[in-house]
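Novice: Encoded as structure tokens, here's the structure I'll be asking about.
No lab work stands behind these numbers, since they all come straight from the coordinates. Bear in mind that the values here come from a model prediction, so they are computed numbers and not experimental data. No Cβ is skipped: glycine too gets one built from the backbone with ideal geometry, and neighbour counts run over all protein chains shown.
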Amino acid sequence: MLTAAELIAATSWTTATVAQWSGRGLARDVAARPEHLPRVILDTKERLNLRDGTVEESRLPPAEDQEFRYRYRRLRLLVIGQDRMFLVPEVWSASNSTLVVPIDDTVRVQFQYQNDNPGA
């Protein structure tokens, strides 16, 4: 019985260690090459005051029935959850923040996908 418990514990520990290494490796790969993530254009009603130096902010021209005033480019979609998106700058490092954006009517999002090169 003791041997079976030790075998189960060792298997669980090994599985957890491999999963941790694999997850960290995938995270490092994404951080090193965010160009593989979908490009995002984000429109907001309020200014975000981002200071990373990568994300481009522009003011949208005023128009009737236009609620959105600011446009942000050079963002990438990291992950999408049930009620929010996590965006990162195109040039991503540990010092650049991840932007958490709600999925509601306070933002407008455009996704820009790029087809794979057929010759690659």
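Novice: Roughly what would the spin-label model give for SER58 and ASP83, points 7 Å off Cα along C-beta, in nm?
Specialist: The two pseudo-label positions are separated by 3.3 nm.
Novice: Quick one: if you stick a label point 7 Å off each Cα along the C-beta vector at THR3 and VAL18, how many nm between them?
Specialist: Between THR3 and VAL18, the simple spin-label model gives 2.3 nm.
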